[in-house]
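The values are calculated or read from the model by the stated rules, or taken from the named source; none is laboratory data. Remember, predicted model here, so these are calculated numbers, not experimental data. Using ideal geometry, Cβ is built from the backbone for each residue, glycine included, and neighbour counts are taken over all protein chains shown.
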Amino acid sequence: MEPIRISYFSDLLCVWAYIAQVRLDELEANFPDKISIDYHFISIFGNAREKLETRWRDKGGLQGYSNHVQEVVKKFNHITVHPDIWTMVTPASSTSCHLFLHAIQLLEIKGIVPKADRIFEKTIWAFREAFFTQLADISDRKVQFEIAKQLGLKKKMIQSQIDSGEAYALLSKDFDLVKEHTVSVSPTLIFNEGRQRLNGNVGYRVIDANIRELLNNPPEEQSWC
């Protein structure tokens, strides 16, 4: 039986995606051969500074948004955030991160680094953790290369995927998929060939139940409702 393909859309700077990573890890641990997660990015924080300053102007600005993020994280015991999140360091754009990560993904696709090492997923998490806990400006290319270096990746290998235009092509594909599936929330999971989706802060049991429903019903079975 072919694994169930899950398209997972998120923004690197989204606190809800930071929170949700543990659920993806749990899914992959519980369904190791039955699901396949395709990572895609959505540009919620593509123009982060201006967006937050505008939307939170009447609610305390960046400090107000920082307070909001900290209050959200207090509800979960598996993650932490720096007390100065979004105020001391405000990344300009998550799009820079997404492009860089697609360059690393290409290293896996081309077999330059072993896919079994899961370096693409490890780098996604390293970026998120660096921003949310250490206030690293992960939109800055120098910071991106430093994180990659810590994971054993060479600058030349990554830069070549960007210079060739191939990383941009993967990022453009994400833009197209976001439009095709009308994705507007980070994170969003889409499966069952687009017929099912879960948006935002969805608990693990809900995701698990959807996966088990697909596994326990034949693919040709149509919904009776």
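General remarks:
- Members of region 103-140 found to be of a type in the set (Lys, Arg) and farther than 22 Å from ASP84 by Cα, listed by number: LYS110, LYS115, ARG118, LYS122
- Residue within region 165-177 that is part of a helix (DSSP H, G or I) and farther than 18 Å from SER43 by Cα present: yes
Residues checked against (1) in contact with a Pro (Cβ under 7 Å, 6 or more places away or on another chain); (2) within 20 Å of ASP25 (Cβ to Cβ); (3) loosely packed, with under 12 Cβ neighbours inside 10 Å; (4) of a type in the set (Ser, Thr, Tyr):
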position	(1), (2), (3), (4)
ILE112	no, no, no, no
ILE124	no, yes, no, no
SER139	yes, no, no, yes
VAL143	no, no, no, no
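- Subset of region 96-118 [closer than 16 Å to HIS40 by Cβ and either touching a Cys at 6+ places or on another chain (Cβ under 9 Å) or among the β-branched types (Val, Ile, Thr) (or both)]: ILE104, ILE109
- Residues in region 195-216 that are at pLDDT below 90 and under 12 Å from PHE31 (Cα atoms): LEU215 alone.
- From the list LYS149, LYS155, LYS179, the lone residue that is of a type outside the set (Ser, Thr, Tyr), under 15 Å from SER7 (Cα atoms) and either surrounded by fewer than 17 Cβ atoms within 10 Å (Cβ to Cβ) or out of contact with any strand residue (DSSP E or B) (no Cβ under 8 Å at 6 or more places or on another chain) (or both) is LYS179.
- Residue satisfying all of: in region 21-54; of a type in the set (Gly, Ala, Ser) and either exposed (fewer than 14 other Cβ atoms within 10 Å of the Cβ) or at pLDDT below 95 (or both); nearest to the chain's Cα centre (by Cα) among these: SER36
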